[in-house]
């Protein structure tokens, strides 16, 4: 009797040791040869969203759909390091062993994984996802590079809108038609204008940039058109060439064209119609061969309706109008823009920032960027200068957190305003055409002349607006 009690105690001790050893694994499950669950530890039951007592006795496929335990049950061979993905997207690395009798009969299967293996697969999963994201971005970049004309490589972007703009510009760069670039402040209109000049046959000729808002009103006419000797007090002997003369053979950029005074607009209109310029105080016309590019961040159609901008000039400069999309409408361009901007910052400040990680990129993509690319440049510049490591991390942008939150709240409002801008533009243009036709007594040929556009273009717009 004493021997029996002693043997029983030994058995219970060994059983406790075995149970402890099995439970030391993170996830443990045992099924019998019929596929019923005969053991599962609490950790694994909770992982599955179950209680241990509710799982025991169930068929394993009822608890774990698509289980691979049956594979081991049928093959009788162990499986080490097998990756199993659950229906909710979670993954585990499992080892599966057949349980055999002394005679080789398969009695069941035990499946188990360790905590370290689980953590490893989660870490690996995150790395794989990051690689997938990088691969998608790389494929988009390749697609963008293959679809967009190479002459516009200095315009950074792989978004469909940017690629389409590059395609359009590639077909008009060598024409002399005026180009109007519109878009919000900071979206890169001057970058596009420079790209147009550099992509044209005029790239080796002068490219003259004029900011109409930066030149005092009393000097603007002489700066644009030049003047002859003794035209006014203080005039340079021999006169002075204006910006249009200086740009002859090349391109001229008229930035913030909406700031051009109304009384100077007819003179600019004549330059665009005749492609010749007269200096102030001269009666001699100077022939011009120049590409005119205008930029504006205002709704010129609305300004025209309000009599703040000449409608005939508007229809002369918008023969080819290109709307540059704001950054919030092309977030897929942010990684490539960051890469390009960081290179510029490294050169400017003699830094060695290798790049920006995916978490930081995701953080930046969650902001509406009302200041567009220019604002992105300022944020990256500060982050690069203050960064302690070689790669920009999420925490390097902590200084931006308060503003980013405000930008997230305002995003819907800003997007709505952008939609209204283009809607109002169509309404204003339609009103201009209707007014011109009414002024000309219904004569559409005269109305086209009044608007400064061709008759075919007028008919096209009449059809577009249902006038």
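Numbers at a glance
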item	result
Complete set of residues in segment 377-390 that are within 12 Å of residue 356 (Cα to Cα) and surrounded by 13 or more Cβ atoms within 10 Å (Cβ to Cβ)	380, 383, 384, 387
Residue 335 vs. criteria part of a loop (DSSP other than H, G, I, E, B) and in contact (Cβ under 8 Å) with a residue 24 or more places away in the chain	no
Hey, residue 38 modelled with pLDDT of 90 or more, surrounded by fewer than 18 Cβ atoms within 10 Å (Cβ to Cβ) and touching a strand residue (DSSP E or B) at 6+ places or on another chain (Cβ under 8 Å) or not	yes
Residue in segment 189-198 that is within 23 Å of residue 312 (Cα to Cα) and surrounded by fewer than 19 Cβ atoms within 10 Å (Cβ to Cβ) present	no
Candidate set: segment 318-329, residues that are touching a strand residue (DSSP E or B) at 6+ places or on another chain (Cβ under 9 Å) and assigned to a loop (DSSP other than H, G, I, E, B); chosen: the one farthest from residue 269 (Cα to Cα)	324
For residue 326: the one exception among (1) at pLDDT 90 or above; (2) closer than 30 Å to residue 436 by Cβ	(2)
Residue in segment 303-310 that is touching a strand residue (DSSP E or B) at 6+ places or on another chain (Cβ under 6 Å) and surrounded by 17 or more Cβ atoms within 10 Å (Cβ to Cβ) present	no
Top-ranked residue of segment 271-289 - restricted to ones that are surrounded by 15 or more Cβ atoms within 10 Å (Cβ to Cβ) and out of contact with any strand residue (DSSP E or B) (no Cβ under 6 Å at 6 or more places or on another chain), ranked as nearest to residue 180 (Cα to Cα)	272
Selection status of residue 110, at pLDDT 90 or above, surrounded by 14 or more Cβ atoms within 10 Å (Cβ to Cβ) and within 30 Å of residue 31 (Cα to Cα)	yes
Selection count where residues are closer than 18 Å to residue 297 by Cβ and either modelled with pLDDT under 90 or surrounded by fewer than 18 Cβ atoms within 10 Å (Cβ to Cβ) (or both), scope segment 199-223	5
Residue match in segment 440-455 (condition: surrounded by 15 or more Cβ atoms within 10 Å (Cβ to Cβ), outside any helix (DSSP H, G or I), modelled with pLDDT of 75 or more and outside the structural domain of residue 298 (by TED's automatic domain parsing))	yes
Residue 103 vs. criteria modelled with pLDDT under 90 and not in a loop (DSSP other than H, G, I, E, B)	no
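The values are calculated or read from the model by the stated rules, or taken from the named source; none is laboratory data. Every value quoted in this text rests on a predicted model; they were computed, and no experiment measured them. FYI the Cβ positions are ideal-geometry reconstructions off the backbone, even for glycines, and counts take in every protein chain you see.
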